[in-house]
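Below is one structure, written out as structure tokens; comments come after it.
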Amino acid sequence: MSGFDQIFDDWESQGIKRVRFELPDLHGTSRTKIVPLKAARSFARNGLNMYGGTAVLDTRSDVVPGSLYNEEVGYGDQLLFPDPATAAIVPWAPETARLICDARWYDGQTLEATPRAVYRRVLEKAAGMGFEPMTGCEFEFYLLDGETHQRLFEGYHIFNVVRNEWVPTINRIVDLMPGMGIDIITANCEYAGSQWEINFTPGRGLDGPDKAFAFKNGVKQIAHQDGYLATFMTKPWAGHSGNGCHIHMSLLDKESGQNVMADESHPQALSEVGLQFVAGLITHANAIDALLAPTINCRRRRRTHTFSPTNISWGLEDRSALLRVKAAGADATRVETRSPSGLLNPYLASAAILAAGLDGIEKGLEPPAPSRQGVPAEEDESLEKLPATLAEALDHFEASAATTDFFGQDFKDAYLAVRRYELGRFAAEENEDPDSQRADEISAWETNEYLELY
């Protein structure tokens, strides 16, 4: 009996009637086909057809010329092959299970620009170096009225006991997520009115971004069931906190499982490997920024004194730095990258952080001096700024030879085509350059583009 036969037999005995075949797209959303359980058995073996350009549609689902999987292949189909390790019953969807899929052409070739394939490429490099990443994502999101898209309450009162559980939906998320293998650590209201942060346990290898993908899409589904809109749009309103997604990563020895980044005797609590990992992230900060903050709207979040980094910096427990070292003991010391936004794709952002860090290890790089205790990194005017605009970040991404090595030319070409197409749509529809707006000005185009779908 194959692994899938056992999975489907178990699901049938538990009353499952349908299976979601889920493909992560370029933006981290789930492009899905719903398949009756009986039909799912055959599709799991032979592949499920889906339009080949699905993973490289833009944020409005436009077919983007030059993105590799559209006119270049005659708008043909791909086949989705589910990963049995992702088999799970969906606790918030009656009689429904899910499988996260990888994409191949009919000749068996992988679609190398799909986000899961991009992450696998970097994961294989880590394994070849003897490492396995442990990755955790901390998402912030707003919960809004489903019809008016207005906030449920106003005012700043982070961690307030009443606002933490303002609506039952928050506890529904906390209670249901473990049924998908996503164990919740903490849940609380965030700094802005109607904003929450719910954190879950990290995952090893591919399980890290798989968990983040399932969490983000699951929160939106649960909220919709309850009559609300959950949005991970990075900056929905001027004058209110943005939605970030801090990404915590450590490296484990692939054989022993021991954290190789920690050294409690070092002033920054990092081993030589940990310091080299930081150095790689500092070196490639500009080149990978377009994957950590991938939209026009993401740049609206970057302002000093908002715990959102504006320069290329690092430091022990420094919340203003790009990289915050979390000294949590020999087993849990890690590097927290604080620039990623709520609109990110967890596979691509995790791949970018891992690839840059591994490059630092491979080349034996040394990091610059860390921020000094009592002097936040954002106050240091001598440090290089992060890209101020998406166009600038994309230029850095394109010009970097390292990003081609990290992610492959196929992905690089597809990503640049899609993101620049979005920039072009904004300029044409708004009749202005997206970079000409003030940092705290949110256009109607951004709200229409990102608020509901993302």
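The values are calculated or read from the model by the stated rules, or taken from the named source; none is laboratory data. What you see is a predicted model; the values in this text were computed from it and never measured. Every residue, glycine among them, receives a Cβ derived from its backbone with ideal geometry; neighbour counts consider all protein chains shown. Keep in mind that these areas ignore ligands, DNA and RNA; they rest on the heavy atoms of the full protein, side chains included. Shrake-Rupley method; radii C 1.70, N 1.55, O 1.52, S 1.80 Å.
Worth pointing out:
Table: residues versus (1) within 18 Å of Gln373 (Cβ to Cβ); (2) of a type outside the set (Lys, Arg); (3) in contact (Cβ under 8 Å) with a residue 40 or more places away in the chain; (4) surrounded by fewer than 20 Cβ atoms within 10 Å (Cβ to Cβ).
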residue	(1), (2), (3), (4)
Ser256	no, yes, no, yes
Ser265	yes, yes, no, yes
Phe277	no, yes, yes, no
Pro309	yes, yes, yes, no
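- For region 76-92, residues that are of a type in the set (A, V, I, L, M), open to solvent by 10 Å² or more (accessible area, probe 1.4 Å) and closer than 25 Å to Gln221 by Cβ total 4.
- Of the helices (runs of 4 or more DSSP H) that lie entirely inside region 340-454, those containing 1 or more residues that are of a type in the set (Gly, Ala, Ser), without any contact (Cβ under 8 Å) to a residue 60 or more places away in the chain and in contact with a Lys or Arg (Cβ under 9 Å, 6 or more places away or on another chain) span 390-399.
- Of all residues in region 203-258, those satisfying the criterion of being in contact with a helix residue (DSSP H, G or I) (Cβ under 8 Å, 6 or more places away or on another chain) and part of a loop (DSSP other than H, G, I, E, B) are Gly205, Leu206, Asp226, Phe232, Met233, Thr234, Lys235, Pro236, Ala238, Gly242, Asn243, Lys254.
Yes/no matrix, rows are residues, columns are (1) among the hydrophobic types (A, V, I, L, M, F, W, C); (2) touching a helix residue (DSSP H, G or I) at 6+ places or on another chain (Cβ under 7 Å); (3) open to solvent by less than 50 Å² (accessible area, probe 1.4 Å):
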{"residue": "Thr32", "(1), (2), (3)": "no, no, no"}
{"residue": "Ala40", "(1), (2), (3)": "yes, yes, yes"}
{"residue": "Ala44", "(1), (2), (3)": "yes, yes, yes"}
{"residue": "Gly47", "(1), (2), (3)": "no, no, yes"}
{"residue": "Tyr51", "(1), (2), (3)": "no, no, no"}
{"residue": "Leu57", "(1), (2), (3)": "yes, no, yes"}
{"residue": "Val63", "(1), (2), (3)": "yes, no, no"}
{"residue": "Leu68", "(1), (2), (3)": "yes, yes, yes"}
{"residue": "Gly74", "(1), (2), (3)": "no, no, no"}
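- Screening Ala377 against (1) at pLDDT 95 or above; (2) among the hydrophobic types (A, V, I, L, M, F, W, C); (3) open to solvent by less than 40 Å² (accessible area, probe 1.4 Å) leaves a single unmet condition, (1).
- For Ile288: the one exception among (1) at pLDDT 95 or above; (2) open to solvent by 10 Å² or more (accessible area, probe 1.4 Å); (3) farther than 16 Å from Arg372 by Cα; (4) among the β-branched types (Val, Ile, Thr): (2)
- Among (1) over 12 Å from Leu291 (Cα atoms); (2) surrounded by fewer than 22 Cβ atoms within 10 Å (Cβ to Cβ); (3) of a type outside the set (Ser, Thr, Tyr) - the single one Asp318 does not satisfy: (2)
- All positions within region 125-176 that are touching a residue at least 24 places away in the same chain (Cβ under 8 Å), among the polar types (S, T, N, Q) and not in a strand (DSSP E or B): Asn160, Asn164, Thr169
- Condition check for Thr304: over 19 Å from Ser400 (Cα atoms), open to solvent by 10 Å² or more (accessible area, probe 1.4 Å), part of a loop (DSSP other than H, G, I, E, B) and in contact (Cβ under 8 Å) with a residue 24 or more places away in the chain: yes
- Residue count for region 104-135 satisfying the condition of being under 15 Å from Leu206 (Cβ atoms) and either out of contact with any Gly (no Cβ under 8 Å at 6 or more places or on another chain) or not acidic (Asp, Glu) (or both): 19.
- Scanning region 193-202 turns up no residue that is among the aliphatic types (A, V, I, L, M), part of a strand (DSSP E or B), open to solvent by 40 Å² or more (accessible area, probe 1.4 Å) and modelled with pLDDT of 95 or more.
- Residue, most open to solvent (accessible area, probe 1.4 Å), within region 123-172, restricted to residues that are hydroxyl-bearing (Ser, Thr, Tyr) and modelled with pLDDT of 95 or more: Thr148
- Entry remark, region 110-124: residues being polar (S, T, N, Q) and in a loop (DSSP other than H, G, I, E, B) number 1 in total.
- For region 114-122, the criterion of being surrounded by 17 or more Cβ atoms within 10 Å (Cβ to Cβ), of a type in the set (A, V, I, L, M, F, W, C), within 22 Å of the chain's Cα centre (by Cα) and within 30 Å of Glu449 (Cα to Cα) is satisfied by at least one residue.
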